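Undergrad: Encoded as structure tokens, here's the structure I'll be asking about.
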Amino acid sequence: MSLEQEIMTRLKEAMKTKNEDALRSLRAIKAEIIKAKTESGAGGVITEDGELKLLQKMAKQRKDSLEIFEQQGRADLAAKEKAELLVIEQFLPEQLSEDKLKEIIQQIIQQTGASSPADMGKVMGVATKQLAGKADGKAISTQVKALLNK
């Protein structure tokens, strides 16, 4: 089942159960899918990889907003963002644990022959491709910096 079909099914369920948080989140995802499909050059189709990037972008936006709202003491808005983030994350692949991420990045550093912080770009290029959808870019960057600075 494609992401769009899954969203429509869950949207109907959310309407029946009157789950406002899920409705708001699912409608936002549906809108982004439609927007992506109607962009010039898309041809009315969005690939699975495109869907994944779209969901990651939405999750990152929610995380950033959540952080800002918490800093400003806006618990009401932070709660909405957190609820939307939880719904969006249901459609993303399971994220790697910190230990597993560290292990994979160590392997990438060995493969690329990186030895200093100057090689960060080389490692990040391989890591972001290999870990796409499995880990947040910020988490990857943090681990790479920590391991190359040893």
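What follows draws every value from the coordinates through simple rules; no lab data is involved. Because the structure is predicted, anything quoted here is derived from the model rather than measured. Ideal geometry is used to build each Cβ from the backbone, glycine not excepted, and the neighbour counts take in all protein chains shown.
Undergrad: Quick one: which residues, 5+ away or cross-chain, put their amide H under 5 Å from the amide H of Asn19? H built at 1.01 Å from N.
TA: Here nothing satisfies the definition.
Undergrad: Which loop trypsin sites (Lys or Arg not before Pro) in segment 63-115, with loop taken from DSSP, have no more than 16 other Cβ atoms within 10 angstrom of their Cβ?
TA: Here the trypsin sites (Lys or Arg not before Pro) that fit, given the DSSP loop and packing criteria, are Arg74.
Undergrad: Full-extension gain between Arg27 and Lys134, please, as 0.36 nm times their residue separation minus the C-alpha to C-alpha distance.
TA: Computed gain between Arg27 and Lys134 is 36.1 nm.
Undergrad: What are the ³J(HN,Hα) values, in whole Hz, obtained from phi via the Karplus relation 6.51 cos²θ - 1.76 cosθ + 1.60 with θ = phi - 60°, for each residue of segment 119-129 in sequence order, with x given for Gly and Pro?
TA: Values per residue, Gly and Pro as x: 8, 4, x, 4, 5, 4, x, 5, 5, 5, 5 Hz.
Undergrad: In addition: Pulled fully out, how much extra length does the chain show between Ala146 and Gln71, if you take 0.36 nm times their separation in residues and subtract their Cα-Cα distance?
TA: 24.4 nm
Undergrad: For the chain, state the semi-axes of the equivalent ellipsoid (square roots of 5 times the eigenvalues of the alpha-carbon gyration tensor), sorted largest first and rounded to whole angstrom.
TA: Values for the chain, descending: 33, 20, 13 Å.
Undergrad: Still on this structure, I have one more. Quick one: if you stick a label point 7 Å off each Cα along the C-beta vector at Lys122 and Gln106, how many nm between them?
TA: Distance between the two pseudo-spin positions: 2.0 nm.
Undergrad: Taking a ≥ b ≥ c as the square roots of the eigenvalues of the Cα gyration tensor of segment 3-89, is the shape rounded (a/c under 1.5), prolate (a/b larger than b/c) or oblate?
TA: Because a/c hits 1.5 or more and a/b fails to exceed b/c, segment 3-89 counts as oblate.
Undergrad: Do any GluC sites (Glu not before Pro) in segment 62-150 lie in a loop, going by DSSP, with at most 14 other beta-carbon atoms within 10 Å of their beta carbon, and if so which?
TA: Glu94
Undergrad: Taking R0 as 25 Å, what FRET efficiency do you get between Gln95 and Ser115 from their Cβ-Cβ distance, rounded to the nearest 0.05?
TA: Calculated transfer efficiency: 0.35.
Undergrad: Taking the Cα centre of each part, how many Å lie between segment 1-17 and segment 32-56?
TA: After rounding, the separation between the Cα centres reads 18 Å.
Undergrad: Read phi for every residue in segment 7-14 and hand back ³J(HN,Hα) as whole Hz from Karplus 6.51 cos²θ - 1.76 cosθ + 1.60, θ = phi - 60°, with x for Gly and Pro.
TA: Taking θ as phi minus 60°, the curve returns 4, 4, 4, 5, 5, 4, 4, 5 Hz for segment 7-14.
Undergrad: Sticking with this one: In whole Hz, what ³J(HN,Hα) sequence does segment 83-88 give by Karplus (6.51, -1.76, 1.60; θ = phi - 60°), x for Gly and Pro?
TA: Per residue, the Karplus-derived 3J(HN,Hα) values read 5, 5, 4, 4, 5, 4 Hz.
Undergrad: Which of the peptides 110-122, 2-14 is most tightly packed, and how do the rest follow, going by the mean number of other Cβ atoms within 10 Å of each residue?
TA: The densest-packed peptide leads the list: 2-14, 110-122.
Undergrad: Report, ordered by chain and residue number, the lysines lying within cross-link reach of Lys30, taken as a straight Cα distance under 30 Å and ignoring same-chain residues fewer than 8 apart.
TA: Within reach: Lys12, Lys16, Lys18, Lys53, Lys57, Lys60, Lys63, Lys80, Lys82, Lys129, Lys134, Lys138.
Undergrad: What is the magnitude of the charge dipole of the chain about its Cα centre, with +1 placed on the Cβ of each Lys and Arg, -1 on the Cβ of each Asp and Glu, and no other charges, expressed in debye to the nearest 20?
TA: 160
Undergrad: Then there's this: Quickly work out the Asn19-to-Val45 label distance, labels modelled 7 Å from Cα along the C-beta direction, and quote it in nm with one decimal.
TA: Simple spin-label model gives 3.2 nm for this pair.
Undergrad: Expressed as a rounded percentage, what relative contact order does the chain have, with Cα pairs under 8 Å and six or more residues apart?
TA: About 19 percent, as a whole number.
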